[in-house]
Amino acid sequence: MKVLILAGGFGYRMSEDTVKLPKPMVKIGNLPILEHIINFYISYGFEDFIVSGGYKYTVIKKYFQKHKNLRDKVKVINTGLKTQTGGRIKRAQHLLNKNEDFMVTYGDGLSNVNLDKLLKFHLKQDKIGTVTSVRPVARFGEIEIKNKHVVSFK
């Protein structure tokens with residue numbers, strides 16, 4: 001199952017760091033946030049990643065081209081500088097086989113979600129995609145969920 005990671009935003013909330021780097025490439029310890037997320041998914045057996053980039057996506061692309069241990073697992077694509085969340089998913093569609101199941105998460109979405117339980121939830125819903133998110137008070141984006149289904153990205 002593929003994991004689509006949305007990594008195209010401008011990173012306004014971390015502007016000191018994101019002048020030179022896209023937010024998912026800001027380091028926590030000695031690794032970028034994005035690599036922490038990928039390593040977390042790998043620890044649950046996921047091995048196929050699409051990074052849907054935008055702002056400074058070439059920084060992400062170059063990083064994964066240099067890291068041999070992740071180069072074959074991670075494909076970085078440019079989904080446009082001003083593309084919104086749903087558009088980023090749509091622009092990655094060509095990399096998914098028709099009706100192929102996939103997971104979606106955000107490039108700054110560090111979590112301790114039990115991915116085994118999430119996968120079971122996903123399969124039970126009989127849908128092709130499942131997204132993980134948090135519910136902070138946000139001024140930059142929000143997912144509207146009704147009856148366990150995403151109805152809009154705002």
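The values are calculated or read from the model by the stated rules, or taken from the named source; none is laboratory data. On a predicted model such as this, the values are computed, not experimentally measured, just so you know. Don't worry about glycine lacking a Cβ; one is built from the backbone with ideal geometry, like all the others, and counts go over all protein chains shown. Surface areas here come from the heavy atoms of the whole protein model, side chains and all, with no ligands, DNA or RNA. Shrake-Rupley method; radii C 1.70, N 1.55, O 1.52, S 1.80 Å.
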Please pick out the residue among Lys66, Lys73 that is closer than 26 Å to Leu31 by Cα and out of contact with any helix residue (DSSP H, G or I) (no Cβ under 8 Å at 6 or more places or on another chain). Lys66
Assuming Lys62 fulfils every condition listed in (1) under 12 Å from Gly107 (Cβ atoms); (2) without any contact (Cβ under 8 Å) to a residue 60 or more places away in the chain apart from one, which condition is it? (1)
Could you say which residue among Thr85, Thr58, Thr105 is β-branched (Val, Ile, Thr), touching a helix residue (DSSP H, G or I) at 6+ places or on another chain (Cβ under 8 Å), within 16 Å of Lys23 (Cα to Cα) and open to solvent by less than 100 Å² (accessible area, probe 1.4 Å)? Thr105
Six or more apart or on different chains, Cβ under 8 Å: which pairs go from a residue in the stretch 38-49 that's over 16 Å from Val76 (Cβ atoms) and touching a residue at least 60 places away in the same chain (Cβ under 8 Å) to one that's charged (D, E, K, R) and not in a loop (DSSP other than H, G, I, E, B)? Could you list them? Tyr44/Asp116
From the residues in the stretch 51-76 that are of a type in the set (A, V, I, L, M, F, W, C) and touching a Phe, Trp or Tyr at 6+ places or on another chain (Cβ under 8 Å), which one is nearest to Phe10 (Cα to Cα)? Val51
If only one of Lys120, Lys90, Lys124, Lys75 is surrounded by fewer than 15 Cβ atoms within 10 Å (Cβ to Cβ) and within 14 Å of the chain's Cα centre (by Cα), which one is it? Lys90
Only one of these conditions is not met by Asn97: (1) in contact with a Gly (Cβ under 8 Å, 6 or more places away or on another chain); (2) open to solvent by 30 Å² or more (accessible area, probe 1.4 Å); (3) polar (S, T, N, Q). Which number is it? (1)
